[in-house]
Amino acid sequence: MTTAPANAGWRFRQPSVIPGFGLTLGFSLAYLTLIILIPLSGLVWRSAALGWTDFWAIATDRRTLNALKISFGTAFLAAVINVVFGTIVAWVLVRYRFPGRRIADAMVDLPFALPTAVAGIALTTLYAPNGWIGQLLMPLGIKVAYTPLGIVIALVFVGLPFVVRTVQPIMEEIDKEVEEAAATLGASRLQTITRVLFPGLAPAIITGFSLAFARGVGEYGSVIFIAGNLPFKSEIAPLLIVIRLEEYNYEAATAIAAIMLALSFVMLLVVNLVQTWSRKRYG
């Protein structure tokens, strides 16, 4: 009969041949504390100085609620659009070889390198009523610049690379033989996509969605130019925070920021739970 070792039982970490766990863990915790936890704690502490009554008054203010609705609503819609078209772009870049493919692949990363203010000015110039694209849409009754639709377009522009670069590596690992095998077994193209490709891509798609959504919620530079910044119509929450800071109303600015932080945390937590479920279900 064999007996378990004396030191068997629950372990804080699994044994590893790679040394330095204590040092690297300590560095990671210290870095995260200095860069993330302390600033966020200061934000919450400053907003808590308002008191519950004043904080609730700011949180339920009509202008604050409308700005939060526009920020989160447009970010969510832009992330959904990026999931659809970003996955298609990744599919084209991975599955097809065509002239200019490398150029198209490099263009995906342009929103990363381009300053957001420059992107906002360029989009406003294009979609303004007298712009190249805007003047074609105006006769159709479609106004883009200085409306929430313009905000969505700006967020689609800055969020597309997050979806493409998240889905593309996973898609490269899926062999074409899997698709061919599904076709030989009688699966239609739709069945191949939904039952063969999507299960493997689902976690990456959800990750890309969460990254694009998080970027869209906090985006400022590329939005303020094309949004028009009209209260109760196209004013985003980050801009409202800047306005309160310019008014030296630091308590209201930190309160709005704390509300955005709480809402973002809840939504990203839900996304992570869905991602965990999809990984357990699809592998």
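The values are calculated or read from the model by the stated rules, or taken from the named source; none is laboratory data. The shown structure was predicted, so the numbers you read here are calculated from the model rather than taken from an experiment. Cβ placement follows ideal geometry from the backbone for every residue including glycine, while neighbour counts extend to all protein chains displayed. The accessibility values were calculated without ligands, DNA or RNA, using every heavy atom of the protein model including side chains. Shrake-Rupley method; radii C 1.70, N 1.55, O 1.52, S 1.80 Å.
What are the residue pairs meeting all of these: first residue in the stretch 44-55, first residue in contact (Cβ under 8 Å) with a residue 12 or more places away in the chain and more than 16 Å from residue 244 (Cα to Cα), second residue of a type in the set (A, V, I, L, M) and part of a helix (DSSP H, G or I), Cβ atoms under 6 Å, and 6 or more apart or on different chains?
Short answer, once both residue conditions are applied: 44/258.
Yes or no: the stretch 150-163 includes at least one residue that is over 19 Å from residue 220 (Cβ atoms) and modelled with pLDDT of 90 or more.
Checked against the condition, which is being over 19 Å from residue 220 (Cβ atoms) and modelled with pLDDT of 90 or more, the stretch 150-163 yields at least one hit.
Is it true that residue 260 is surrounded by fewer than 18 Cβ atoms within 10 Å (Cβ to Cβ), assigned to a helix (DSSP H, G or I) and in contact (Cβ under 8 Å) with a residue 24 or more places away in the chain?
So residue 260 does not fit the description; no.
Given the options 58, 81, name the one that is of a type in the set (A, V, I, L, M, F, W, C) and either loosely packed, with under 11 Cβ neighbours inside 10 Å or more than 30 Å from residue 200 (Cβ to Cβ) (or both). If you could, list the steps in order and put the result at the bottom.
Values: 81 fails: either loosely packed, with under 11 Cβ neighbours inside 10 Å or more than 30 Å from residue 200 (Cβ to Cβ) (or both).
Matching residue, one of 58, 81: 58.
May I ask you to list the residues in the stretch 143-152 that are part of a helix (DSSP H, G or I), touching a residue at least 60 places away in the same chain (Cβ under 8 Å) and more than 14 Å from the chain's Cα centre (by Cα)?
Residues satisfying the conditions are 148, 150, 151.
Which condition does residue 104 not pass, out of (1) open to solvent by less than 20 Å² (accessible area, probe 1.4 Å); (2) without any contact (Cβ under 8 Å) to a residue 60 or more places away in the chain; (3) not charged (D, E, K, R), if it passes all the others?
(1)
Taking the stretch 268-278 on its own, how many of its residues are open to solvent by less than 70 Å² (accessible area, probe 1.4 Å) and closer than 17 Å to residue 218 by Cβ?
2
Please go through the stretch 175-189 and give me each residue that is in a helix (DSSP H, G or I) and either closer than 25 Å to residue 280 by Cβ or open to solvent by less than 70 Å² (accessible area, probe 1.4 Å) (or both), ordered by number.
178, 179, 181, 182, 183, listed by residue number.
Looking at (1) more than 27 Å from residue 122 (Cβ to Cβ); (2) modelled with pLDDT of 90 or more, can you tell me which one residue 211 breaks?
(1)
So which residues in the stretch 229-254 are touching a Phe, Trp or Tyr at 6+ places or on another chain (Cβ under 8 Å), more than 23 Å from residue 160 (Cβ to Cβ) and either touching a residue at least 24 places away in the same chain (Cβ under 8 Å) or crowded, with 22+ Cβ neighbours inside 10 Å (or both)?
230
Which condition from (1) at pLDDT 90 or above; (2) in contact with a Pro (Cβ under 8 Å, 6 or more places away or on another chain) is the one that residue 112 breaks?
For residue 112, the exception is condition (1).
Here's the yes/no breakdown for (1) among the hydroxyl-bearing types (Ser, Thr, Tyr); (2) in contact (Cβ under 8 Å) with a residue 24 or more places away in the chain; (3) open to solvent by 50 Å² or more (accessible area, probe 1.4 Å):
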site: 64; (1), (2), (3): yes, yes, no
site: 73; (1), (2), (3): no, yes, no
site: 115; (1), (2), (3): no, yes, yes
site: 134; (1), (2), (3): no, no, no
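Applying the selection to the stretch 26-54, what residues are surrounded by 14 or more Cβ atoms within 10 Å (Cβ to Cβ) and either on the phi > 0 side of the Ramachandran plot or outside any helix (DSSP H, G or I) (or both)?
Scanning the stretch 26-54 gives a single hit, 50.
Can you name the number of the only condition in (1) touching a residue at least 60 places away in the same chain (Cβ under 8 Å); (2) surrounded by fewer than 17 Cβ atoms within 10 Å (Cβ to Cβ) that residue 163 fails?
Among (1) touching a residue at least 60 places away in the same chain (Cβ under 8 Å); (2) surrounded by fewer than 17 Cβ atoms within 10 Å (Cβ to Cβ), the lone unmet condition for residue 163 is (2).
Is it the case that some residue within the stretch 13-21 is open to solvent by less than 100 Å² (accessible area, probe 1.4 Å), of a type in the set (Phe, Trp, Tyr) and assigned to a helix (DSSP H, G or I)?
Our first condition is that a residue be open to solvent by less than 100 Å² (accessible area, probe 1.4 Å); within the stretch 13-21, this holds for 15-16, 20-21.
Now narrow it down to the ones that are of a type in the set (Phe, Trp, Tyr): 21.
Filter once more, so that each one left must be assigned to a helix (DSSP H, G or I): 21.
Yes, some residue in the stretch 13-21 is open to solvent by less than 100 Å² (accessible area, probe 1.4 Å), of a type in the set (Phe, Trp, Tyr) and assigned to a helix (DSSP H, G or I).
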